[in-house]
Amino acid sequence: MEVKDYMKLPYTRLVQEMNDESGHYFYGRVLELDGCQSTGSSLDELYANLNEAMEGYIEVKLENHLPIPIPESADSYSGKFVVRLPKSLHQKLVIEANKEGVSLNQLALYKLAK
């Protein structure tokens, strides 16, 4: 595959609006491509810069014959995972779920989606 082929794949881009000592800007990274990130003063600029960073990232990987992660589809995942937690936290969450009138699963999903 060539750079243009990788650029067509549905990589996951995470975008965050920032307000810090540097001012107001947008920060973005590609989750599957470790270290591939950029910034921009607008969303359009961020996407252009992020695409440029992706192209550079992929070019370097190809030139050095290094593996390039391919995005996986959501169909590759079951949608469930097991979490072990202290009994006291389990108790607290069950009480909170009961107060809200929802299942523990629904409460956990709500908290994770925040």
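The values are calculated or read from the model by the stated rules, or taken from the named source; none is laboratory data. All of these numbers come straight from a predicted model, not from anything done at the bench. Glycine also receives a Cβ, built like all others from the backbone with ideal geometry; neighbour counts cover every protein chain displayed. The accessibility values were calculated without ligands, DNA or RNA, using every heavy atom of the protein model including side chains. Shrake-Rupley method; radii C 1.70, N 1.55, O 1.52, S 1.80 Å.
Which one of the conditions (1) exposed (fewer than 14 other Cβ atoms within 10 Å of the Cβ); (2) hydrophobic (A, V, I, L, M, F, W, C); (3) within 28 Å of Gln16 (Cβ to Cβ) does Ala108 fail to meet, given that it meets all the rest? If we test Ala108 against (1) exposed (fewer than 14 other Cβ atoms within 10 Å of the Cβ); (2) hydrophobic (A, V, I, L, M, F, W, C); (3) within 28 Å of Gln16 (Cβ to Cβ), just (1) comes out false. Determine whether the range 98-107 contains at least one residue that is on the phi > 0 side of the Ramachandran plot, modelled with pLDDT of 85 or more and not polar (S, T, N, Q). Scanning the range 98-107, I find at least one residue that is on the phi > 0 side of the Ramachandran plot, modelled with pLDDT of 85 or more and not polar (S, T, N, Q), so the answer is yes. Report every pair of residues separated by at least 6 positions or lying on different chains whose Cβ atoms are under 9 Å apart, first residue within the range 3-17 and free of Cβ contacts under 8 Å to residues at least 24 places away in the same chain, second open to solvent by less than 50 Å² (accessible area, probe 1.4 Å) and in a strand (DSSP E or B). Between residues of the range 3-17 that are free of Cβ contacts under 8 Å to residues at least 24 places away in the same chain and residues that are open to solvent by less than 50 Å² (accessible area, probe 1.4 Å) and in a strand (DSSP E or B), the close pairs are Leu14/Gly28; Leu14/Val30; Gln16/Phe26; Gln16/Gly28; Glu17/Tyr25; Glu17/Phe26. Among the residues of the range 58-100, those identified as in a helix (DSSP H, G or I) and either open to solvent by 100 Å² or more (accessible area, probe 1.4 Å) or in contact with an Asp or Glu (Cβ under 6 Å, 6 or more places away or on another chain) (or both) are Glu63, Asp75, Lys87, Gln91, Lys92, Asn98, Lys99, Glu100. Of the residues making up the range 27-57, those that are of a type in the set (Gly, Ala, Ser) and part of a helix (DSSP H, G or I) are Ala48, Ala53, Gly56. When Leu46, Leu50 are checked against the criterion of being modelled with pLDDT of 95 or more, within 15 Å of the chain's Cα centre (by Cα) and either exposed (fewer than 10 other Cβ atoms within 10 Å of the Cβ) or among the hydrophobic types (A, V, I, L, M, F, W, C) (or both), Leu50 stands alone in meeting it. Residues in the range 64-100 that are among the acidic types (Asp, Glu) and either in contact (Cβ under 8 Å) with a residue 24 or more places away in the chain or within 21 Å of Pro10 (Cβ to Cβ) (or both): Glu72, Asp75. Considering the range 6-39, the residues that are open to solvent by less than 70 Å² (accessible area, probe 1.4 Å) and among the polar types (S, T, N, Q) include one that is farthest from Glu72 (Cα to Cα), namely Thr39.
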